[in-house]
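Structure first, commentary second.
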Amino acid sequence: MNDADTMALRHFRLSRDSAGIAWLEIDCAESSVNRLSGEVLAELTQVLDHFDHRPPAGLILLSGKASGFFAGADINEFGALDQVDLVQELIARGCKVFDRLAAVPYPTLALVHGHCVGGGLELALACRYRLAVDQADTSFALPEVMLGIVPAWGGMHRLPALIGAPAALDMMLTGRAVDARKAQRLGLVDARVPLRLKRQAAAQHVRSGKPPRRARGLGRLLNARVLRPIMMRQTARKLDERDPYQHYMAPRAILEIWGRHDGEALEAPDLLREMTRSDTARNLIRVFRLQERLKAFGRPTTEATEVQHVHVVGAGTMGGDIAAWCALKGIRVTLQDQDRERIADAQGRAHALFIRRIKEKREQRAAFDRLIPDPEGYGVSQADLIIEAITENLEAKQGLYANLEPRMKPGALLASNTSSLSLQVLGAQLREPQRLVGIHFFNPVARMQLVEVVETDVLSPAARATALAFVGKLSKLPLPVKDAPGFLVNAVLAPYMLEAMRCVDEGLAPETVDEAMKVFGMPMGPLELADTVGLDIAHAAGQQLAGAHSLPKCLEAHLARRELGRKTGRGFYVWKDGKAVKKTPGTPPSGLSERLIAPLVERTRAQVEHGVVADADLADAGVVLGTGFAPFSGGPLHRERHRAPPVHPI
């Protein structure tokens, strides 16, 4: 009798081979990815019940989807975090299934390719063995901390026992992923296996009889109960440095549950209750859902043309880094600039990026080979997409377009990385303005996820679809915006930074102004941000968006002295080795943060009302991801809607 004949499984396929090994293939119905929903956990329980009566020689769990092993728990089931009993029940259900899997008498193995994150990694940790398919997209992570919650299905207990406390805490407290190579080095997986041999390797390993891996050396010692207080103190100091105003509870909850409860989440019900009821957890889950919405814009459609060759004009910081990122993501790139030294500098930065991001030397070389210096612009006629990233000068850009357009192949797109100029005006002299689109990256390109895709009234649907899919191919988050001064992100940043500068005009120290916003929850103060962006760029945006207001005197003074911020070594701060040199901040005046936030909120609301961005949720997503606006707030408009009204004395 076939195993599967006795069960009605929607999300799994079950079979046994001639050696008696059971192969449990996870393929969640009606989904492009595998997620550990309540229904999936129930089916896994059903399978384990069946194996109690007909135990296999070994059990191998693998994915039936190209997208990866597991994308974690079904986040939609976390919708009502304030319903504590429901959350406790969900945690208990997952723990029960995974504890049961970990205790079965037959050997178990997780064969992982692609993403293995969150509950998916906790499932793999419950197996006796783990093998990683040796591919670039295979990765492991416990990213729950980014959602303001904890890995509650055994991950906080099993991961430290497997790889040691220091490495496990680093993964859990940052949410960062590790690739297959690092996973093997840490001891997270038993081995890396080639794609073509994955099934043979899994079958051999699950019957090997090898003892399960355990942490060794100092990592194991520091996981011992008697030494955990030392690790807790050291780690708490690092958390305080990273989050001095304690805006985020989840990292401290993870540390507490690991240190005092052996990683067992259900042993700390009061802590779970406080965390899951917090606005922070709800808002971080909201931001995650907004990111998923942006990600959906980048999925290829039938209207989109796949971009295989990009030609970038302008090898400065933005153009060169855009070219490097495209090459990193597997796209052939030709890079044009009149100054060969700028191309060489861009190649140097690209080489450093490839070494940092790619572990295999052969793949590093392949990425570098995809970035082709092209000072004469021969790549224009072959490219599917031309990205212009030259100086913010209308005449210069229009002159370049006049040169490029006759040489572009039919169907190719022309994109501008302009941060402030009108696309409609830029394309006024084009024969085919319907193929001019804005693709606005943010600096630094390698770190910033958000990309604004700027559309005019004449942009063709095919060009729009192609631009969005191209951004998605780069693993970035595309935000569709209408052509308007500053689009969304720069439009809301300009009044915020200008208001901060007016505070300096009134006598406040830059450090004090910036400190007020760091206390509020910003990763960087507005004046340090202005220095980072460049005071010349802040000035240009301010001129465009200040309206009847005059520009701050301190900004004009810095520009008169050619003090442009980080790129010249001096602005509101002196910059050394890429970092601002700051004095000790004074105590921010009461109400300063709200004063600074007010123009940002007002401008964000205006951009929605004027149709620059489709709705308030997308505006919040753009401002959080594009400016660093405190993610735990859920975004500026969400925060305004949910703020308690001020209490006025009678």
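The values are calculated or read from the model by the stated rules, or taken from the named source; none is laboratory data. As the structure is a prediction and not an experimental result, all values here were calculated from the model. A quick note on method: Cβ atoms are made from the backbone with ideal geometry, for glycine too, and the neighbour counts reach across all protein chains shown.
General observations
- If you check Pro444, Pro375, Pro485 for being in contact (Cβ under 8 Å) with a residue 60 or more places away in the chain and in contact with an Asp or Glu (Cβ under 8 Å, 6 or more places away or on another chain), only one passes: Pro444.
- Flag for Thr604 being at pLDDT below 95 and hydroxyl-bearing (Ser, Thr, Tyr): no
- Against the criterion of being over 27 Å from Gly622 (Cα atoms), buried (at least 18 other Cβ atoms within 10 Å of the Cβ) and among the basic types (Lys, Arg), Arg362 does not qualify.
- Within region 561-605, the residues that satisfy the criterion of being basic (Lys, Arg) and farther than 21 Å from Gly626 by Cβ are Arg561, Arg562, Arg570, Lys576, Lys579, Lys582, Lys583, Arg595.
- Checklist (1) touching a residue at least 40 places away in the same chain (Cβ under 8 Å); (2) touching a Gly at 6+ places or on another chain (Cβ under 8 Å); (3) closer than 15 Å to Gly38 by Cβ applied to Asp74, failing item: (1)
- Entry remark, region 335-393: residues being among the aliphatic types (A, V, I, L, M) and either in a strand (DSSP E or B) or not assigned by TED's automatic domain parsing to the domain that holds Leu423 (or both) number 6 in total.
- Scanning region 470-511 for residues that are surrounded by fewer than 21 Cβ atoms within 10 Å (Cβ to Cβ) and more than 30 Å from Leu555 (Cα to Cα) gives Gly472, Lys473, Ser475, Pro480.
- Elements of type helices (runs of 4 or more DSSP H) in region 157-268, at least 1 residues being at positive phi: 217-221
- Residue in region 454-464 that is under 17 Å from Gly298 (Cβ atoms), in contact with a Phe, Trp or Tyr (Cβ under 8 Å, 6 or more places away or on another chain) and either free of Cβ contacts under 8 Å to residues at least 12 places away in the same chain or of a type in the set (A, V, I, L, M, F, W, C) (or both) present: yes
- Only residues that are aliphatic (A, V, I, L, M) and touching a strand residue (DSSP E or B) at 6+ places or on another chain (Cβ under 6 Å) were counted in region 352-378, giving 2.
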